[in-house]
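Participant: Dropping a structure here in structure tokens format, bear with me for questions.
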Amino acid sequence: MFDPTLVRALAGPGFRRADTQRDERAAPRRHAVEDFLHGLPGYLPPRRESARSVARFAEVVSGVAQQLRDQPDDIVVQRYRLEVARLKQAPGEERLLAAVLACVGEASRRTLKMWPHPVQFAGARVLFQGRLAEMRTGEGKTLVAGLAATAMAGSGAAVHVISTNDYLAQRDCEEMMPLFAFFGLTGAAIKGGMEPDERRAVYAHSVCYVSGKELVFDYLKDKLAGHGVLPSRVGQLRQLEAGADAAGQQAPLIPALHFAIVDEADSVLIDEARTPMIISREAPAMYEAPLLAWAIETARRLQPEVHFRIGKARELELLPAAVDAAGLPPDGVRPVWRARTWRELLLRQALTALHLFSLDQHYILAEGKVQIVDESSGRVMADRSWEQGLHQLIEAKEGLELTSGRETMARMTFQGFFRRYFLLAGLTGTAAESARELWAVYGLRVKPIPPNRANRRLQLPSVCTATAEQKWQAVADEACRVAALGQPVLVGTRSVEASEQISAEFTRRGVEHVVLNARQDAAEAQIVGQAGGAGRITVATNMAGRGTDIKPTAEARTAGGLHVILTEFHESARVDRQLFGRSGRQGDPGSARAVVCAHDSVFEPQPALVRHLLATLRGRTQRTLLQCAVAWAQRSAERRAWRGRLQTLKQDRDLNRLIGFAGRVT
């Protein structure tokens with residue numbers, strides 16, 4: 001069905017195929033010294049693609065494209081198939097890759113009315129090399145992924161284009177469909193809620209667009225069904241024994257892991273890799289309802305610095321006096337909860353639910369349920385729940401009906417999954433900060449590519465207020481002033497709560513605006529489509545960050561383009577850069593400013609003196625201190641997150657070793 005010849009050759013000499021019926025890469029076998037030596041190149045700064053190299057490659061592409069310009073469609077298709085066949089025979093020939101991309105570029109000109117610019121061809125070349133192309137926001141990464149996907153799919157390889165969410169996967173797939181159809185290829189997108197047969201059909205297409213979470217969960221479903229678990233020969237014997245009909249009915253959802261293009265790769269491979277993907281089922285609850293109610297009521301009485309302490313990194317420490325002050329749980333619960341160790345565990349979780357997880361920031365309430373909000377994307381993570389009773393404790397805290405307990409059936413980290421592709425590549429506008437981790441974990445080298453056009457975005461000086469109330473007033477003043485000039489305004493917030501606070505300020509002033517957050521996600525496409533109108537004010541969480549293309553109208557561009565207001569710095573500088581990157585795209589004019597408060601959460605780990613100076617100083621001195629404080633806070637947060645992801649990866653490796661050992665014994 002799929003032909004991995006080309007992608008296997010591009011995977012390099014170190015490639016080992018896993019011993020399963022599905023085409024996938026085997027896990028690397030390296031000792032500690034080999035791991036250390038392998039990680040050394042990650043310390044080197046990413047090597048930038050030179051403008052001369054971009055221009056030289058584009059010249060070769062254009063030379064072939066000129067020969068096709070006046071040819072009928074069928075001749076272009078024939079040339080494309082011929083050049084793909086030649087490339088399969090000589091995968092390292094850049095001239096042959098240029099010829100294939102010339103055919104795809106000509107098809108793009110005819111079907112999408114877009115001729116790729118030199119930087120986009122260079123980006124597609126980087127993807128074919130199994131690297132991560134860092135391209136400035138607004139450079140047209142959707143088309144870059146489409147070019148590489150079309151070129152690779154023509155070889156017969158299974159191509160997956162991975163997005164951060166279903167909305168972007170569906171949008172990008174629909175945009176690229178005419179390009180695929182030109183060459184007789186097919187494409188489709190996976191959406192949440194699809195039935196297994198529908199998913200199986202979508203993965204069978206030449207190019208499949210899918211979000212990272214949906215893809216990993218489908219892989220786990222395959223594992224639960226026995227696909228990819230047994231050695232290939234054993235699996236084939238079992239299929240023969242079961243018969244052809246049974247084997248066909250039990251076909252895996254994902255037939256092969258050949259070539260993956262990860263869009264917004266740092267978000268998928270870094271930010272979303274903090275927690276493992278888990279498939280679970282209902283199980284008898286470990287925590288009884290009276291026990292949870294007692295834990296929450298008791299935790300509310302405990303005092304900070306007397307019974308517990310919250311560190312700068314948001315870690316909660318339970319002090320010895322806490323258990324003594326809590327007393328014993330109510331009668332009727334299991335005797336195990338009367339033991340001091342188990343009460344410590346329960347109280348720590350209850351305090352975590354009360355003090356480290358906030359309504360309209362980490363979760364929202366919808367249809368009588370707690371729904372988790374992903375801070376990096378601003379979206380509700382449907383059907384997700386916290387482990388070890390934390391979810392039920394938050395339900396008890398909010399006075400909701402308690403959900404049943406969950407039992408883990410299958411588990412996998414993003415780090416473990418994406419290394420199974422024959423060839424992994426990616427695209428993003430913000431990868432330089434994570435270059436070391438991307439190499440150490442995924443073997444991905446970051447390749448920065450120069451912009452096609454100079455960035456015209458005007459970065460205005462940041463503003464730091466003493467209180468949150470003053471911040472919202474300053475944000476509203478800035479938005480109203482700029483909107484009066486005819487510029488569209490995007491106000492970016494970190495949480496649902498913050499978006500509703502600034503919305504309340506606009507409402508109080510009688511200012512017309514639109515809010516996009518996890519509560520209004522159904523209207524996302526419509527809100528984003530109208531956000532570029534002259535004088536329009538849009539308040540949004542990170543839903544309007546990565547991958548969102550707000551297109552200013554002609555009148556808005558004349559007035560100065562989209563103006564972005566950042567209302568709180570994130571723990572990752574990459575997320576800030578993504579929000580600012582909504583403005584000044586593809587050479588358009590634009591502007592951006594940060595309006596923050598000295599008591600925002602990112603500054604909480606800072607010494608009290610620093611926060612005091614940020615609130616009282618003014619002018620250049622304050623801006624210099626603000627820049628240093630933000631840089632220090634974000635570096636510290638990134639280091640903590642990196643250590644957390646390493647720990648997750650280590651746990652995943654240890655778990656796999658334990659499972660493998662158990663399998664050999666039994």
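The values are calculated or read from the model by the stated rules, or taken from the named source; none is laboratory data. Worth saying up front: this structure is predicted, and the values here are computed from it rather than measured. Glycine also receives a Cβ, built like all others from the backbone with ideal geometry; neighbour counts cover every protein chain displayed.
Participant: Given the conditions (1) surrounded by fewer than 14 Cβ atoms within 10 Å (Cβ to Cβ); (2) farther than 24 Å from Glu407 by Cβ, which single one is not true for Pro290?
Facilitator: (2)
Participant: Those residues that are within 23 Å of Tyr421 (Cα to Cα) and among the hydroxyl-bearing types (Ser, Thr, Tyr), I need them from segment 439-462; list them, please.
Facilitator: Tyr442
Participant: Filtering segment 626-666 down to residues that are within 23 Å of the chain's Cα centre (by Cα) and among the β-branched types (Val, Ile, Thr), which residue is modelled with the lowest pLDDT?
Facilitator: Step by step, filter segment 626-666, then rank; the result is Thr648.
Participant: If you scan segment 586-622, which residues turn out to be of a type in the set (S, T, N, Q), in contact with a helix residue (DSSP H, G or I) (Cβ under 8 Å, 6 or more places away or on another chain) and farther than 30 Å from His362 by Cβ?
Facilitator: Ser591, Gln622
Participant: Which residues, taken from segment 602-625, are touching a residue at least 60 places away in the same chain (Cβ under 8 Å) and under 35 Å from the mean Cα position of the chain (by Cα)? Explain how you work it out, then say what you get.
Facilitator: Filtering segment 602-625 for residues touching a residue at least 60 places away in the same chain (Cβ under 8 Å) gives 604-605, 614-616, 622-623.
Within segment 602-625, Glu604, Pro605, Leu614, Ala615, Gln622, Arg623 qualify.
Participant: Tell me, which residue of segment 107-138 that is part of a helix (DSSP H, G or I) and among the charged types (D, E, K, R) is farthest from the chain's Cα centre (by Cα)?
Facilitator: Arg110
Participant: Looking at Ile565, is it under 17 Å from Gln487 (Cα atoms) and modelled with pLDDT of 95 or more?
Facilitator: Yes: the conditions hold for Ile565.
Participant: What number of residues in segment 161-177 are under 22 Å from His258 (Cβ atoms) and among the basic types (Lys, Arg)?
Facilitator: Here the count works out to 0.
Participant: Looking only at segment 394-412, which residues are under 30 Å from Leu215 (Cα atoms), part of a helix (DSSP H, G or I) and among the charged types (D, E, K, R)?
Facilitator: Hit for segment 394-412 is Glu395, nothing else.
Participant: Here is a follow-up. Which of (1) at pLDDT 85 or above; (2) surrounded by fewer than 22 Cβ atoms within 10 Å (Cβ to Cβ) is the odd one out, the single condition Gln520 does not satisfy?
Facilitator: Here Gln520 clears every test but (1).
Participant: Restricting to segment 550-589, count the residues that are within 20 Å of Lys141 (Cβ to Cβ) and free of Cβ contacts under 8 Å to residues at least 60 places away in the same chain.
Facilitator: The total comes to 2.
Participant: Determine which single condition Pro118 fails, assuming it passes every other condition in (1) over 24 Å from Ala11 (Cβ atoms); (2) surrounded by fewer than 24 Cβ atoms within 10 Å (Cβ to Cβ); (3) without any contact (Cβ under 8 Å) to a residue 40 or more places away in the chain.
Facilitator: Result: Pro118 passes all but (3).
Participant: Could you tell me which residue of segment 413-451 is surrounded by the fewest Cβ atoms within 10 Å (Cβ to Cβ), considering only residues that are assigned to a strand (DSSP E or B) and not hydroxyl-bearing (Ser, Thr, Tyr)?
Facilitator: Pro448
Participant: Out of curiosity, is Arg509 farther than 30 Å from Thr5 by Cβ, surrounded by fewer than 19 Cβ atoms within 10 Å (Cβ to Cβ), basic (Lys, Arg) and touching a Cys at 6+ places or on another chain (Cβ under 9 Å)?
Facilitator: yes
Participant: Can you tell which of Ala525, Ala498, Ala466 is surrounded by fewer than 16 Cβ atoms within 10 Å (Cβ to Cβ), within 26 Å of the chain's Cα centre (by Cα), of a type in the set (A, V, I, L, M) and in the same structural domain as Glu604 (by TED's automatic domain parsing)?
Facilitator: On the way: Ala498 fails: surrounded by fewer than 16 Cβ atoms within 10 Å (Cβ to Cβ); Ala466 fails: within 26 Å of the chain's Cα centre (by Cα).
After ruling out the rest, the residue left standing is Ala525.
Participant: Related question: Among what's in segment 42-66 and is surrounded by 14 or more Cβ atoms within 10 Å (Cβ to Cβ) and either among the β-branched types (Val, Ile, Thr) or farther than 26 Å from Arg453 by Cβ (or both), pick the residue that is farthest from the chain's Cα centre (by Cα).
Facilitator: The extreme case among them is Val64.
Participant: Shifting gears a bit: Among the residues that make up segment 375-393, is at least one of them surrounded by 15 or more Cβ atoms within 10 Å (Cβ to Cβ), of a type outside the set (Phe, Trp, Tyr), under 19 Å from the mean Cα position of the chain (by Cα) and in a strand (DSSP E or B)?
Facilitator: Yes.
Participant: Among helices (runs of 4 or more DSSP H) lying entirely in segment 272-368, which contain 3 or more residues that are closer than 16 Å to Leu390 by Cβ and not aliphatic (A, V, I, L, M)?
Facilitator: Answer list for segment 272-368: 340-355.
Participant: Which number in (1) modelled with pLDDT of 95 or more; (2) in contact with a helix residue (DSSP H, G or I) (Cβ under 8 Å, 6 or more places away or on another chain) marks the one condition that Lys213 misses?
Facilitator: Of (1) modelled with pLDDT of 95 or more; (2) in contact with a helix residue (DSSP H, G or I) (Cβ under 8 Å, 6 or more places away or on another chain), only one is false for Lys213: (1).
Participant: Let me confirm something: among Glu134, Glu106, which residue is out of contact with any Asp or Glu (no Cβ under 7 Å at 6 or more places or on another chain), surrounded by 23 or more Cβ atoms within 10 Å (Cβ to Cβ), charged (D, E, K, R) and at pLDDT 95 or above?
Facilitator: Every option except Glu106 fails the conditions.
Participant: Can you tell me which condition Asp477 does not meet? The list is (1) touching a residue at least 24 places away in the same chain (Cβ under 8 Å); (2) in the same structural domain as Arg618 (by TED's automatic domain parsing), and all the others hold.
Facilitator: The single condition Asp477 does not satisfy is (1).
Participant: Go through Ala158, Ala148, Ala169 for me and flag whichever is closer than 19 Å to Tyr421 by Cβ, crowded, with 24+ Cβ neighbours inside 10 Å and touching a His at 6+ places or on another chain (Cβ under 6 Å).
Facilitator: Criteria check complete, one pass: Ala158.
Participant: Hey, among the residues in segment 181-201 that are assigned to a loop (DSSP other than H, G, I, E, B) and touching a residue at least 60 places away in the same chain (Cβ under 8 Å), which one's nearest to Arg171 (Cα to Cα)?
Facilitator: The residue in question is Gly192.
Participant: Can you pull out the residues in segment 586-620 that are assigned to a helix (DSSP H, G or I) and β-branched (Val, Ile, Thr)?
Facilitator: Initial filter on segment 586-620 (assigned to a helix (DSSP H, G or I)): 586-587, 601-603, 608-616, 619-620.
Selection gives Val602, Val610, Thr616.
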